[in-house]
Structure formats: structure tokens, C-alpha cells
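> Here's a structure for you.
Every number in this text was worked out from the coordinates using simple rules, so none of it is lab data. Predicted model, so just to flag it, every value in this text is computed and none were measured. Quick reminder, even Gly has a Cβ in these numbers, built from the backbone with ideal geometry, and neighbours come from all protein chains shown.
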Amino acid sequence: MFLAIDLGSTSFKAAVFDAGLRRLAAGRAALCCIRGPGNLVELEAGEVERAFQTAVRATLKDSGSAQSAIQAVGITSQAQTFAILDPQGAPRTRFISWQDGRAAEACAALGQLPGFADFGDHASFGELLPALQVCQLRRLRDERTGLVRPGDLVAGLPAFFVRRLTGEFRTDQNLAAMSGLYSLPLAGWSPEALAGCGLDARQLPEVLPIGAVAGRTAAAAGPFGLAAGIPLVLAGNDQTAGAYGARVGEADRVLLTLGTAHVAYACRARPPERRPGLIRGPYPGGQWYAMRADSCGGNVVDWVRRELGCGESPGEFLALAEQSPPGSRGVAFDPEEPAGPGRWRDRAGRGRADLARAVLESLAGRAAELVRELAAGRSGVEVLAAGGGSRGALLPEMIAGLLGRPVRATDADALLGAALLAREGLAAR
């Protein structure tokens, strides 16, 4: 059996799969973030360990599996969230979330350094963004001189748990490239990025290919419910693990995830060229991914549901939107990024159904554009849809109509992808 772990932004999830990758049990533990002035978003190290332990132990208990029955563990994660560890691996700081917004000035300062002129040629992101680890580390250097001491370690969530469970300090290329500290052309940590943050490469994890075995669990894994000697496989970021679970790389496909944000994801045989707004990086099996994201998605629908008094049920909102004809009787909706609210145009005399449908038509248009950019005019591309927005027929049907091709619902499950990589990682040893 295989244990998959997904270190998400609001909760940690785990699931046990059998040899045929049938899900036997699943569990989750919510995370409690600390929020403060200046868009501070952090997590106590003890809270992170508690959530991991709770999710894993609950899942193993529900599956009825003994520790010894787990053959391999696959771990996938949100990107960017990290902490500073002392040389023995104990956290010296809280984990700084990718949602933390305090690094805007540091981001601007880094952008002025000569070594960052071609940043987008090296990293997963085409431009410096305040949420990236490289910018947060620069902020720590500027605001608190001496906080990161020589010999300290910089650990993203997966690298922290790899070290905690196995004693090895390792991450994968997929996650490393999203940090802003890693160079894709060099296949290693960027000297310019390290210099900009005052770091040494020895303070960062060893980087392995996605899908590699980072190590085997040691006795320290016992409190987390895991026996010693289990291979721990690196499964990249959660979008990549979800795409791998949906077998996106096995054909010419675009996966459209209709969640809180809308994300389009595709695989390439070669590294995609840098383009504004494009996110790219390594994919399992030596392939590469190209990804586009739109911050407007389910968050907009949630806001509109409240505005229109549709209650908590998405089904009620969809039923309302279906009462309006295509075109929403002339009403148009413009979302306001990234908070979710927006405004309607030409709404005078129109009903709630028209307003609801106008929102979906706006989101469908934006999602279709994401797919067009990744499909690049190829007529044979298969479009898959996953996430909460794919569970009702209306939004996928709108997107299909705009694209002129079918949109097939699928399950892009990050836990399934992590389990699949764990199974393959075990077989490769």
C-alpha cells in the first residue's frame, strides 16, 4: 500500500491507496494561520507538525493498515512556504506562507540588481513576485540583519518533513524552480539569487528530480505513525501531482482546474519559452510543464452568491444562472482581481438570473483564454476539467462552446498523483 500526503495551504491531507491505486482511506487536518499587520501570514512550526501528524495518523487508522504495510510515501505540497532551521534542523522561525504579502519592497530591490535582469529565463515564473521565497529571504535580510545565521538551513515544507522523517535535506526540481532561488538552465541553485539573499548553497536542500526517492524513514518518523525504512518520494507541487494523477503527460492535453482560482496546465517535451504570465518547470519522466493561472474563479462565485442571496449551495447559484439565456440578456460582468468582487454593466432592469449567468460567462471566457494560450492553435488537444467548477455542467459547457471542442470532466487528484509517483519510485529502486 502507498501513503500520499498533500501539504496544502489551509489543510494537510493524506490518503492510503492499494497496489491498484484504489483509495482505501483519507484524512485531513486544518491549519491555523497567524495573520498580522502588513499582510503577515505565518504558521507556527508546532502547528505544522501537529497537522501532519494528525492527517497521517487518522488516515492510517481509518485504513486499518499497520505501519509495516506502507511500501512508500509520496509527498506533494504548496510551493513557497518555508522556515529557517538551525543546523540541527529545529525551526528558528515560523513558516512564512506563500500568502504572506510583506516582501513587495524587497522584491523591487532585488529587481534592481544586475544579476536579476534575466530572472525570468532561470525561474519557473517569468518575473519576480513578492510571494517567492527569494523575495521573502531578501526581506528577512533587509529587515532583520543576522536572522539567517551561517549554518542555518532554508527549508520549504516538503524539505522540512523530508529531513524530519529521513534525516536527509532534499527537495525536487519542480518545487526548487518555483522558489526563485533555482536556475533551470544551470540545473542548480542560482549564484545571483543566493548573493541577493546573502545565502550559501549549502544552506539549501539538495535538489533531486521529481519522482525521486529522497530517503527512507528513520526512527524519528515513529511519532508521525510511520515505521522506519519506508521510501519517501518527492511529488512536486500540488498542481503537478494533480496533473500526473490525471495522466496529462500521456497525450496532448490541457487540464483546466476550476477551483478558487482557475489554472490551465499542459506538458511539453522541451522547456517552454519564457512568456509573460507563464509558469513552467520540470514534470515527471523528463518532461516539462507550462501553466497559466487566473486568480478569478470560485472566489468570484462565492462573492456573487452572497450578493445575490443564493445561500451556501453552489447548486442554487447554478440553477439560478440556468434560468437566463446565453448572452445574459446583455448583462456583462467584470471581476476585480484578486479579491473576487466585481461589477455588472448594462444591468438595468435585469433579474438575478441574468446577473448570475453573466458572472459565469465572464469566468468561462477567461478560462477559455487560458486554454487557448496553452493549446497554441493545435486542433487535436484534449481539454480536461477538474475542480469544484467542473462538477456542474453549465460552466464546462460554456467553456466548450467558446473553444469549439469538448471539455471532459476528470479527477485531477494531487493525492492520487503522489501515490502514483510513490509506486513508480518504489519500482525504480
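> Of Asp354, Asp346, Asp118, which is the most mobile in a GNM of the chain whose springs link Cα atoms less than 10 angstrom apart?
Comparing Asp354, Asp346, Asp118 in a Gaussian network model of the chain, the most mobile one is Asp346.
> Taking R0 as 35 Å, what FRET efficiency do you get between Ala30 and Arg149 from their Cβ-Cβ distance, rounded to the nearest 0.05?
Numbers: r = 33 Å, r/R0 = 0.94.
After rounding, the FRET efficiency stands at 0.60.
> Report the FRET efficiency, 1/(1 + (r/R0)^6), for Ser379 and Thr10, where r is their Cβ-Cβ distance and R0 is 51 Å, rounded to 0.05.
Working: r = 39 Å, r/R0 = 0.76.
It comes out at approximately 0.85.
> Here is a further query. Identify the residues of the stretch 91-133 with backbone N under 18 Å of a label point that sits 7 angstrom from the Cα of Arg270 along the Cα-to-Cβ direction, or state none.
Hits in the stretch 91-133 for Arg270 at 18 Å: 121-122.
> Return the ratio Rg/(2.2 N^0.38 Å) for the chain, where Rg is computed over Cα atoms only. Walk me through the numbers on the way to the answer.
Values: Rg = 21.9 Å, N = 429, 2.2 N^0.38 = 22.0 Å.
For the chain, the normalised Cα radius of gyration comes out at 1.00.
> Quick one, what does Rg over Rh come out to for the stretch 358-429 if you take C-alpha atoms and the Kirkwood Rh? The partial results should precede the final answer.
Numbers: Rg = 15.4 Å, Rh = 13.8 Å.
Ratio value, two decimals: 1.12.
> Another question, then. Which parts of the stretch 246-275 would a label at Glu424 reach, counting a residue when its backbone N lies under 14 Å from a point 7 Å out along Cα-to-Cβ?
In the stretch 246-275, the label zone of Glu424 (backbone N under 14 Å from the point 7 Å along Cα→Cβ) covers 246-251, 267-269.
> While we're here: Once you have the Cα-Cα distance between Glu397 and Asp142, take 0.36 nm times their residue separation minus that, and quote the gain in nm to one decimal. Mind dumping the intermediate values first?
On the way: separation 255, 0.36 × 255 = 91.80 nm, distance 4.99 nm.
Contour length minus the Cα-Cα distance gives 86.8 nm.
> On to the next question. Provide the gained length on full extension for the span Ala261 to Glu127, in nm with one decimal, where the gain is 0.36 nm per separating residue minus the Cα-Cα distance. Before the final figure, lay out each step's value.
On the way: separation 134, 0.36 × 134 = 48.24 nm, distance 1.96 nm.
Length gained, Ala261 through Glu127: 46.3 nm.
> I'm checking a number: the convex hull volume of the Cα atoms of the stretch 2-240, normalised per residue, in Å³. What is it? Mind showing how you got there, number by number?
On the way: hull volume 25.8 nm³, N = 239.
With only Cα atoms used, the stretch 2-240 gives 108 Å³ per residue.
> Another question, then. Among Ala293, Ala117, Ala264, determine the one that fluctuates most according to a GNM of the chain built with springs between C-alpha atoms less than 10 Å apart.
Ala117
> Also, quick follow-up: Could you give the length gained on full extension between Ala117 and Arg366, defined as 0.36 nm per residue of separation minus the Cα-Cα distance, in nm? Intermediate values should be presented prior to the final figure.
On the way: separation 249, 0.36 × 249 = 89.64 nm, distance 3.03 nm.
So the chain would gain 86.6 nm between Ala117 and Arg366.
> Enumerate the whole-percent occupancy of each 5 Å bin, from 0 to the last occupied one, for all C-alpha pair distances of the stretch 122-242.
Pair shares across the bins are 2, 12, 19, 22, 19, 13, 8, 4, 0.
> Just for the chain, what percent of DSSP beta bridges are antiparallel, to the closest 5? Please report the intermediate quantities before stating the final value.
On the way: 51 of 72 bridges.
Given both bridge residues lie in the chain, the antiparallel proportion sits at roughly 70 percent.
> Take every Cα pair under 8 Å in the chain that's 6+ residues apart, average their separations, divide by the length, and report that relative contact order as a whole percent.
Working: 965 pairs, mean separation 68.4, N = 429.
16 percent.
> Binning every alpha carbon pair distance of the stretch 249-412 at 10 Å from zero, what are the percents per bin?
11, 39, 32, 14, 4, 0
> Here is a follow-up. No other cysteine beta carbon under 4.7 Å away is the test; run it over the chain and list who passes.
If one checks each Cβ against the other cysteines of the chain, Cys32, Cys33, Cys197, Cys267, Cys296, Cys310 turn up with nothing under 4.7 Å.
> Quick check on the exposure proxy: order Cys32, Cys267, Cys107 from fewest to most C-beta atoms within 10 angstrom.
On the way: Cys32 10, Cys267 24, Cys107 21.
Fewest to most other Cβ atoms nearby, the residues stand as Cys32, Cys107, Cys267.
> Per the Debye formula with a single identical scatterer at each Cα and no solvent contribution, what log10 I(q)/I(0) holds for the stretch 202-259 at q = 0.17, 0.21, 0.22, 0.24 Å⁻¹?
So the normalised log intensities are -0.77, -0.91, -0.94, -0.99.
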